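For reference, the structure discussed in these notes is given below.
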Amino acid sequence: MNLHTLTAHALQELLLNRQVSPADIYRAVRGQIDLVEKKVGAFARLAPAPDFNGLADKPFPIPVALKDNLCISGQETTCASKILTGFRPPYDATVVRRLKEAGALIIGQANMDEFAFGSSTESSCYGPTKNPWDLTRVPGGSSGGAAAAVAAHETIWALGSDTGGSIRQPAAFCGIVGLKPTYGRVSRYGLIAFASSLDQIGPMTKDVTDAARLLKIIAGHDPLDATSVDLPVPDYTQSLRCEVKGMRVGIPREYFIAGLDPEVAEAVTAAIAVLKKQGAQIVDISLPHTPYAVATYYIVATAEASSNLGRYDGVRYGRRVRPPEIRQTPIIDMFEETRDQGFGEEAKRRIMLGTYALSAGYYDAYYLKGLKVRTLIKRDFDQAFQTVDAIVTPTAPTTAFKIGEKTADPLSMYLSDIYTISANLSGIPAISLPCGFSQAGLPIGLQIMAKPFAEETLFRVAFAYEQATGWHKRVCQI
Amino acid sequence: MIFETVIGLEVHLQLRTNTKIFCGCANQFGESPNTRTCPVCLGLPGSLPVFNAKALEYALKTGLALNCEINPQFKFDRKNYFYPDLTKAYQISQFDQPVCRQGELIIPGDGGAAKKIRINRAHLEEDAGKLIHDDARNCSLADYNRAGTPLLEIVTEPDLRSSQEAYEYLRILKLTLSYLDVSDCDMEKGSLRCDANVSIRAPGDAKLGTKTELKNMNSFKAVKAAIDYEVNRQRAVILGGQRVVQETRLWDENKAMTFSMRSKEEAHDYRYFPEPDLPLVTVPEEVVEEMRQTLPELPQAKMERFTQTYGISVYDAGVLAQDRLTAGFFEQCAALYPEAKKICNWLNGDVLKEMNERKITVAASTLQPEDLVDLIRKIEEGAVSQLKAKDVLKIMLDSGKNCSAIIAEQGWGQVSNDEELLKIAQQALADNPATVAQIREGKLSAIGFLVGQAMQKSGGKANPKKIKELIEKNLQAGADGKPF
């Protein structure tokens, strides 16, 4: 039995029936890693072997990969940045603590774009991760390592983080399921911040059922995160019913525009037809401020990032570079040298963009205007959800692109998140799941969005679609 | 040429909450470096702030005591700058929605009359860590125990017109705050820090002159001295035909001078923006009202009530109100004994003197209201002399014993026995024939001298009133056998 190819819920049944042990599963996954990791490069680093004792009563003693921006007590965590080299958090992120309590076997820390800045996992200080479906292509990003690890069966499931599409876009590129929960649904405590008002941690899994189960483990109020919401966490498995009859599904016309790959458009259109066939009512809707989403995002997100990354100054942890000569004062020179050598190109670009947007004299024109447009985008969704239960769109405008194809052109890279950014700006939950393959054999993702805290709606629609089509069952050959 | 001085003060107040403003670390001084820290106040990657409700309570109390409006809803903002004592490279502060705004504090103005100093705002923020420069090893050491201590920054309008007014403002502010018990208010320990914005202008000029901001004063006196120095400096600059430069200047206590730290051009662009990690804070009207109800009687109100209720002078009431607990002690005594004036004389006189010598407060001493009232009663009953009573008080404070026991032990019971007193009086006359002669020649004021001699003889225990009576009587009777 190829245990590593199974879903967590399938493995859970085998565990319950005592047909396999957690160690069996762990060994199978490690075996697959030995086989393919050299080609894929999904991990920033592998975790030390876990303790298999005391797992008997744990619900999910199953291998999990964690994006390298989730703090694990005592384990180096770097956000794939040289500047955090050697940083070992003295504490567990809340999601990590919850996973450990559920018995999770941490298999490794997944590669990512440096500080989650990117859509291709090429900006990692560890080098790019490759797409398991085509090793010459990117896995998407920034949670590209986690997506590739799930797709290549180097883990059973994974946690990523999503600030503008960083879970959903790589999920789409790698043919897996990725969920960005409602802002406030999952504690951000221990997630190394990119843009605090947009970041959410979410599941990256082989199917919708696993996404529902993993969300249940990590979701819920956390007194350590003032932005986490104190609402009960439903039993999401109750939503895994093939019932979309009568549901109103909105199709925003602003999402089907120039730049959308015809193969993606075709797959998404076919997916909509599947939902219609199952009894969903398809409604044409408008989200008029969609064209401003990318610009708004790159102001708000970079502004917050410029502030969040200020703390990497070489004083307390991570990398410190001694200036070769004193130009201003020893401390300022040390800050500058450390940051110059510690941050990669994209990180520097975003810090500069964000610093500019917040600067005296530009604040009103950029950051404040960005906040206002953000409100308008949110209002678009509020209005849409008065008439529809869910909104269905492509996850990304294209399938996975070639490694190096967009690194020289940041703007074209930024457009890769054009369909995913709005959910972060408005705080709503969104899921991506496989809805077909291009002629080149590359996965295509379908995005479903719902109103705040309506993850159950996402699971219901996604599960119905998944069960009717079975794209998730296709396995890549490496 | 005459100039008018214009001063605005910014006071940073450390709030005495049990834990820090955004994490659960103990808010304590004097611990080993970096032992009162956690991922949050160290700003470790991934950590998040959670607002301490107690800090809000203290801010509201202070705001209400300063007659501020309370913002029904406020946010926190990030103030971004790089410095090794700032763990996140931003300070969580408040930019445009402070918790309190538009208040006032009444101080004794330069003319002697009460003067209203307007408070522009009071906002919450976190303190930074501390750097210790080790010259011997040519390095700097960082201690983050202080990082995350709650601060309330109280900013006045430019309403102060002299260094003395600035001093009075600080004094009254500290007094008011001491009643609220929200802060140690100790400038030497840094729990109260004050920056001064100083400018001068021609009297009657509506426009403010160019200001300089003074930092690094570590006592109220230093604030006063720094302002005086700065006013003179600015005056010299203007009289020398030059312009005052807008800048931040550091007070050097040893040299008693201010020195330029940075100019306006070098000033930071703090890139303030709303703190995304903290939700808006709403302060319901009921909470504000509840807080208003729990406010203690403030110094000004207490002084007024004391003069009216107890018939003591404004001065005496003012001295009593300097310390909330002493004022409370006074009221407890007054409930036991009707002559408030006598209590007040003791408290503001000998008791205060003894306390100052011992460097404690009435509340911290062993002295109970009953003890002081007992002592006053003993004097009134003639059981101890006014003079000896002062010594009784000293022993009471040192030993904690009650006054009856002390009087008995020391044998200080006042002599009121007529026979004994008569002997003493006669002895005084016999010992001082020259004085007696003077008195008989009409210099009646010399009787006092005889009384004093008699008191001395008695070791201070004689009842002075009775002694005086007896001396007068004996002078008339001619105790030495001669007619008066």
What helices (runs of 4 or more DSSP H) lie completely within the range B:361-425 and have 2 or more residues being over 35 Å from the mean Cα position of the chain (by Cα) and surrounded by fewer than 15 Cβ atoms within 10 Å (Cβ to Cβ)?
B:403-410
So which of B:131, B:180 is surrounded by fewer than 22 Cβ atoms within 10 Å (Cβ to Cβ), under 21 Å from residue B:14 (Cα atoms) and within 14 Å of chain A (Cβ to nearest Cβ)?
B:131
Suppose we keep only residues that are buried (at least 20 other Cβ atoms within 10 Å of the Cβ) and charged (D, E, K, R) within the range A:385-443. Which one would you say is farthest from residue A:302 (Cα to Cα)?
A:389
What number of residues in the range B:164-196 are in a strand (DSSP E or B) and charged (D, E, K, R)?
2
Evaluate the range A:6-29: report whether one residue or more is assigned to a loop (DSSP other than H, G, I, E, B), within 21 Å of residue A:215 (Cβ to Cβ) and in contact (Cβ under 8 Å) with a residue 60 or more places away in the chain.
yes
Within the range B:6-42, of all residues that are without any contact (Cβ under 8 Å) to a residue 60 or more places away in the chain and within 11 Å of chain A (Cβ to nearest Cβ), the one farthest from the chain's Cα centre (by Cα) is B:39
Restricting to the range A:81-108, name every residue that is within 13 Å of chain B (Cβ to nearest Cβ) and hydrophobic (A, V, I, L, M, F, W, C).
A:83, A:84, A:87, A:93, A:95, A:96
Would you call residue B:326 surrounded by 14 or more Cβ atoms within 10 Å (Cβ to Cβ), without any contact (Cβ under 8 Å) to a residue 60 or more places away in the chain and either on the phi > 0 side of the Ramachandran plot or not in a helix (DSSP H, G or I) (or both)?
no
Where in the range A:340-434 are there helices (runs of 4 or more DSSP H), lying fully within it, with 2 or more residues that are more than 20 Å from residue A:173 (Cα to Cα)?
A:345-358, A:369-384, A:421-426
Would it be correct to say that residue A:323 is under 27 Å from residue A:424 (Cβ atoms) and part of a loop (DSSP other than H, G, I, E, B)?
no
Which ones in the range A:299-332 are more than 8 Å from every other protein chain (Cβ to nearest Cβ), modelled with pLDDT under 95 and crowded, with 16+ Cβ neighbours inside 10 Å?
A:323
In the range A:435-478, how many are among the aliphatic types (A, V, I, L, M) and part of a helix (DSSP H, G or I)?
5
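Table: residues versus (1) in contact with a strand residue (DSSP E or B) (Cβ under 8 Å, 6 or more places away or on another chain); (2) of a type outside the set (Lys, Arg).
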position: B:244; (1), (2): yes, yes
position: B:263; (1), (2): yes, yes
position: B:266; (1), (2): no, yes
position: B:271; (1), (2): yes, no
position: B:298; (1), (2): no, yes
Subset of the range B:46-89, residues at the interface with chain A (Cβ under 7 Å from one of its Cβ atoms) and among the aliphatic types (A, V, I, L, M), comes to B:48, B:50, B:89
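The values are calculated or read from the model by the stated rules, or taken from the named source; none is laboratory data. This structure is a prediction, so every number in the text was calculated from the model and none was measured. Virtual Cβ from ideal backbone geometry, glycine too; neighbours counted across all protein chains shown.
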